[in-house]
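> The following block contains the structure, expressed as structure tokens.
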């Protein structure tokens, strides 16, 4: 099955279903101005999150979008049930938030007032660095719009805290950005997009980083100082791509395609660190993390590495997890939850590696070290 067929099969199924669900909202009346939350020691005042479906926690729920996960069995292992997280449970940023001593960060679409004080999640499934990315799914919130939503949050925080206190607190917060996957999966690799004919792999990576550089600089100008950037993983090994091979093997073409983007991020981080006074950047090497997990799966407790826990077709990746579909029972043994996303077990593992790992997986320092600066 071709990528376009896969996408539109999913879209066709999604049109038949009325999706509904509640978004988790765990903000409390403490945060940007409080040192403790629920007895936890907060390492930073708050965390603000930008990204796509890997870390979306419900911002697409009320959009006219075909990229939604607010239905069972998504959230089957999450206390609040289906919230819009594209996982059976936690996302990577959920684990990082807990390790930082923060409550789970609320979605922008559901946050207001005091709920914002520990941070806000602006991530949106199908979103990309480029505004045009993900249009096949109709509604989504591109990175540029996510930054505008952050500006709206800033206006409210400034009104509540005052300009000086807000600026001082914001400089100590973590800004987690995980963008780029959709710019490949739902743009460059899609036959109805012109980008593949306009750019080779390196040129496209350069285009993305040029945009990304400007977007991160804008966040800096809005007060961000401590950045955590997640790179792209082994996208040629996700069930969606595996399902396009009759042999069910990883696509080396896709894996090689995203390497220039990851290399460009490291270069960009070095340049931004030099050019933006007071800024600190951390790069999470998702590529190395996933490669390690797949290569040493049994050591980590995983027995299934090449198909989704929930999905239909070859490698359970031709059509992604359908409403009320029965997923695999042994979810903790699966690397992939659906056609595109990791299981909670992998998300927690990657969150912990990003928090306190070495330079093989997080560079030049880890999140724990960044938070203590």
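The values are calculated or read from the model by the stated rules, or taken from the named source; none is laboratory data. Keep in mind that what you see is a predicted model, and the values were worked out from it rather than measured. Quick reminder, even Gly has a Cβ in these numbers, built from the backbone with ideal geometry, and neighbours come from all protein chains shown.
> Check off (1) touching a strand residue (DSSP E or B) at 6+ places or on another chain (Cβ under 7 Å); (2) over 26 Å from residue 210 (Cβ atoms); (3) buried (at least 21 other Cβ atoms within 10 Å of the Cβ) for residue 344 and give me the number that stays unchecked.
It is condition (1) that residue 344 fails.
> Still on this structure, I have one more. Among the numbered criteria (1) surrounded by fewer than 19 Cβ atoms within 10 Å (Cβ to Cβ); (2) out of contact with any helix residue (DSSP H, G or I) (no Cβ under 7 Å at 6 or more places or on another chain); (3) modelled with pLDDT of 95 or more, which one does residue 36 miss?
(3)
> Same structure, new question: Exactly one condition in (1) more than 30 Å from residue 238 (Cα to Cα); (2) in a loop (DSSP other than H, G, I, E, B) is not met by residue 131; state its number.
Single failed check for residue 131: (1).
> Here's something else I'd like to know. Which one of 86, 108, 50 is modelled with pLDDT of 95 or more, farther than 25 Å from residue 320 by Cα and surrounded by 16 or more Cβ atoms within 10 Å (Cβ to Cβ)?
Numbers: 86 fails: farther than 25 Å from residue 320 by Cα; 50 fails: farther than 25 Å from residue 320 by Cα.
Among 86, 108, 50, only 108 is modelled with pLDDT of 95 or more, farther than 25 Å from residue 320 by Cα and surrounded by 16 or more Cβ atoms within 10 Å (Cβ to Cβ).
> Which residues, taken from segment 111-128, are part of a loop (DSSP other than H, G, I, E, B) and at pLDDT 95 or above?
Initially, segment 111-128 is screened for residues part of a loop (DSSP other than H, G, I, E, B), giving 111-112, 119-120, 122-128.
Result: 119, 120, 122, 123, 124, 125, 126, 127, 128.
> With within 16 Å of residue 349 (Cα to Cα), in contact (Cβ under 8 Å) with a residue 60 or more places away in the chain and not in a loop (DSSP other than H, G, I, E, B) as the only criterion, which of 96, 55, 49 stands out? Break it down stepwise before answering.
Working: 55 fails: not in a loop (DSSP other than H, G, I, E, B); 49 fails: within 16 Å of residue 349 (Cα to Cα).
Within the list 96, 55, 49, the selection yields 96.
> Something else about it: In segment 265-318, which residue that is in a loop (DSSP other than H, G, I, E, B) and on the phi > 0 side of the Ramachandran plot is surrounded by the most Cβ atoms within 10 Å (Cβ to Cβ)?
Only one residue fits best here, namely 313.
> Looking at this structure, is residue 186 at pLDDT 95 or above, surrounded by 23 or more Cβ atoms within 10 Å (Cβ to Cβ) and closer than 21 Å to residue 210 by Cα?
yes
> Now, a different point. Considering every residue within segment 202-209, establish whether at least one is touching a residue at least 24 places away in the same chain (Cβ under 8 Å), surrounded by fewer than 15 Cβ atoms within 10 Å (Cβ to Cβ) and either assigned to a loop (DSSP other than H, G, I, E, B) or under 16 Å from the mean Cα position of the chain (by Cα) (or both).
no
> Of everything in segment 212-224, what is under 19 Å from the mean Cα position of the chain (by Cα) and under 22 Å from residue 93 (Cβ atoms)? Give them in sequence order. If you could, list the steps in order and put the result at the bottom.
At the first step, the residues of segment 212-224 found to be under 19 Å from the mean Cα position of the chain (by Cα) are 212-213, 215-216, 219, 224.
Those that are under 19 Å from the mean Cα position of the chain (by Cα) and under 22 Å from residue 93 (Cβ atoms): 212, 215, 216, 219, 224.
> While we're here: Identify the single condition in (1) more than 16 Å from residue 281 (Cα to Cα); (2) in a helix (DSSP H, G or I) that residue 219 does not satisfy, given that it satisfies every other one.
(1) is the only condition that residue 219 fails.
> Could you tell me whether segment 225-243 includes any residue that is over 22 Å from the mean Cα position of the chain (by Cα) and in contact (Cβ under 8 Å) with a residue 24 or more places away in the chain? Spell out the reasoning first.
In the first step, residues of segment 225-243 are kept if they are over 22 Å from the mean Cα position of the chain (by Cα); the result is 243.
Now narrow it down to the ones that are in contact (Cβ under 8 Å) with a residue 24 or more places away in the chain: 243.
So far as segment 225-243 goes, yes, one or more of its residues are over 22 Å from the mean Cα position of the chain (by Cα) and in contact (Cβ under 8 Å) with a residue 24 or more places away in the chain.
> To continue, here is another question. Taking the criterion of being in a loop (DSSP other than H, G, I, E, B) and crowded, with 17+ Cβ neighbours inside 10 Å, would at least one residue in segment 158-173 satisfy it?
Filtering segment 158-173 for residues in a loop (DSSP other than H, G, I, E, B) gives 162, 171-173.
Still in the list and also crowded, with 17+ Cβ neighbours inside 10 Å: 173.
So far as segment 158-173 goes, yes, one or more of its residues are in a loop (DSSP other than H, G, I, E, B) and crowded, with 17+ Cβ neighbours inside 10 Å.
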